[in-house]
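Peer 1: One structure coming up, written as structure tokens, with questions to follow.
The values are calculated or read from the model by the stated rules, or taken from the named source; none is laboratory data. Bear in mind that the values here come from a model prediction, so they are computed numbers and not experimental data. Virtual Cβ from ideal backbone geometry, glycine too; neighbours counted across all protein chains shown. Ligands, DNA and RNA are stripped out before the accessible areas are found, and what is left, the full protein with its side chains, is counted by its heavy atoms. Shrake-Rupley method; radii C 1.70, N 1.55, O 1.52, S 1.80 Å.
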Amino acid sequence: MLYNTIVQRDETGFNSIYEAAQKFEAENVLESILTCKFDQKKIEKTLNLLRHYQYRLNNESMDLVEFSENFIEQYATDHNECFRLADKLIRRIGTTMTGSMKIFRSFCPVVRRRFDERHNIVPVLDYSRLTFRQFQGQFFGVEPYIDSVKTLLHELAAFFFHLITTMKVCKDMIRKEEETRKDVHKLKEIFEKDCDEILHSVREVFRTFDRIQLVSEEELAERRKNAIPMEVWLPRDYHRYDRQWIKTEGIRIRIATGNQYGLDDEASVLWDKNPEWGQTVCKTLTKLDTLGLPYKNSKKAAEMGKKGTFDSRVMVYLLKWSAVSTTGDNGEIKDEEKERRFYNYCMKHYDGDYMFPTWQSVCRERKTLYSKNSSSLGLAKNFESYVVNASQQTDL
């Protein structure tokens, strides 16, 4: 008779070990030592095996606890994204599961007689004395046994207690994931938080956006046509993809939201947090010539058939008013990427009678303005006054 120590790397194998570990009792060990005819060498060999897998269990359980701390709060994860959560967890404690089967094997009866091996390979957990509930009572308890037996008993109890605790963490995570998957509102919060963390910088946002722009318009149109409601795909895709996927998906959702407000894809990314305000700004851009903005006569503008060039100061006001400026209240520049993007967006979509000043002149003017005015609020209000005055004369 041969004992099969192969453990199924799925929930069936996981649950079988979990249930077997819960059956551990000190009397089982003492009964096993007698039934399986343990000698001193066998006890020491079992102790060495036990200590080896206790060490592996310590490491795997610490990794598991660290893994469990924020896993539920992440919508996408890089941890074996091709597996379900139960499979991920089982693989994370795979060595422990294999080791526990070997420990159970150590307490199986020794059968010398061999039969046809194909018909006499039996599951370890069905024959290990550690899983038996029937045993002879130990009248004198553990006291008559030598110290090595007492040590084995103590370390086995510690191992199975630790094993059950670790497996409970796995079961608790599986339960929490199932509960979270049913809560669409919480899933939406987790998804948006993940997007903000992964797309933490303006540069990262536009790098991802530019990559999406390489997709053909036909493909994007087809995607919009066959779009699945968020309430459907949020639970479906929870913990299904890696962290790289959420960059693209987060941008696409921001674009879809902006499109609902009439914004094009680029404007949707620029005003991803406030598409309604972006709608106001984009409408204002089409009416720049009606705002009465100050301009300068220039030879270059005349050569291009334009009336003049907008004053650089007005462009600084515009950047602040439109809420894309990354300049702090004291004039420090945190990240010029978004401002530069907005400036280029204005130039691309403006089709009026004037020219835009160069980006370099806008930067120089901004530095001068902030050195004179410590409050950035005043800069935004300066441009707002142009908009208010124009709105009294035209539909903005």
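Peer 1: Take ILE228 and tell me if it is farther than 30 Å from LYS320 by Cβ and not in a helix (DSSP H, G or I). Spell out how you get there, then give the answer.
Peer 2: Numbers: farther than 30 Å from LYS320 by Cβ: yes; not in a helix (DSSP H, G or I): yes.
Taking the combined requirement at face value, the residue satisfies it.
Peer 1: Next question, about the same structure. Specify which of the listed residues (ARG175, ARG133) is assigned to a loop (DSSP other than H, G, I, E, B), surrounded by fewer than 14 Cβ atoms within 10 Å (Cβ to Cβ) and modelled with pLDDT under 90.
Peer 2: Details: ARG175 fails: assigned to a loop (DSSP other than H, G, I, E, B).
Going through ARG175, ARG133 in turn, just one is assigned to a loop (DSSP other than H, G, I, E, B), surrounded by fewer than 14 Cβ atoms within 10 Å (Cβ to Cβ) and modelled with pLDDT under 90: ARG133.
Peer 1: Can you list the helices (runs of 4 or more DSSP H) found entirely within segment 314-396 that contain at least 3 residues being of a type in the set (A, V, I, L, M, F, W, C) and at pLDDT 75 or above? Steps first, please.
Peer 2: On the way: elements: 337-349, 359-372, 376-391.
In segment 314-396, 337-349, 359-372 are the helices (runs of 4 or more DSSP H) which contain 3 or more residues that are of a type in the set (A, V, I, L, M, F, W, C) and at pLDDT 75 or above.
Peer 1: Would you tally the residues in segment 255-284 being among the aromatic types (Phe, Trp, Tyr) and assigned to a loop (DSSP other than H, G, I, E, B)? Show your work before the answer.
Peer 2: Pass one, segment 255-284, residues among the aromatic types (Phe, Trp, Tyr): 261, 271, 277.
Subset that is assigned to a loop (DSSP other than H, G, I, E, B): 261, 271.
Total satisfying the criteria: 2.
Peer 1: Now for a different question. Where residues in segment 191-213 are open to solvent by 30 Å² or more (accessible area, probe 1.4 Å) and not in a helix (DSSP H, G or I), which of them is farthest from MET230 (Cα to Cα)?
Peer 2: Among them, the one singled out is SER201.
Peer 1: Any residue in segment 214-223 that is open to solvent by less than 40 Å² (accessible area, probe 1.4 Å) and either more than 17 Å from the chain's Cα centre (by Cα) or under 30 Å from GLU27 (Cα atoms) (or both)?
Peer 2: Pass one, segment 214-223, residues open to solvent by less than 40 Å² (accessible area, probe 1.4 Å): 215, 220.
Those left that are additionally either more than 17 Å from the chain's Cα centre (by Cα) or under 30 Å from GLU27 (Cα atoms) (or both): 215, 220.
Yes, some residue in segment 214-223 is open to solvent by less than 40 Å² (accessible area, probe 1.4 Å) and either more than 17 Å from the chain's Cα centre (by Cα) or under 30 Å from GLU27 (Cα atoms) (or both).
Peer 1: How many residues are open to solvent by less than 10 Å² (accessible area, probe 1.4 Å) and in contact with an Asp or Glu (Cβ under 8 Å, 6 or more places away or on another chain) if we restrict to segment 256-273?
Peer 2: 1
Peer 1: Take the residues of segment 236-255 that are hydrophobic (A, V, I, L, M, F, W, C) and more than 12 Å from the chain's Cα centre (by Cα): which is surrounded by the fewest Cβ atoms within 10 Å (Cβ to Cβ)? Explain how you work it out, then say what you get.
Peer 2: Step one: list which residues in segment 236-255 are hydrophobic (A, V, I, L, M, F, W, C), which gives 245-246, 251, 253, 255.
Imposing the further condition that a residue be more than 12 Å from the chain's Cα centre (by Cα) reduces the set to 251, 253, 255.
Values: ILE251: 25, ILE253: 17, ILE255: 21.
Filtering first and then ranking leaves ILE253.
Peer 1: Any idea which of (1) modelled with pLDDT under 85; (2) in contact with a Ser or Thr (Cβ under 7 Å, 6 or more places away or on another chain); (3) of a type in the set (Gly, Ala, Ser) is the one SER61 doesn't satisfy?
Peer 2: All conditions pass for SER61, except number (1).
Peer 1: Considering LYS176, LYS247, which residue is farther than 30 Å from SER106 by Cβ and touching a Leu at 6+ places or on another chain (Cβ under 8 Å)? Give the steps one after another, and end with the answer.
Peer 2: Numbers: LYS176 fails: touching a Leu at 6+ places or on another chain (Cβ under 8 Å).
Exactly one of LYS176, LYS247 is farther than 30 Å from SER106 by Cβ and touching a Leu at 6+ places or on another chain (Cβ under 8 Å), namely LYS247.
Peer 1: Which residues, taken from segment 178-190, are part of a helix (DSSP H, G or I) and open to solvent by less than 90 Å² (accessible area, probe 1.4 Å)?
Peer 2: Residues satisfying the conditions are THR180, ARG181, VAL184, LYS186, LEU187, LYS188, ILE190.
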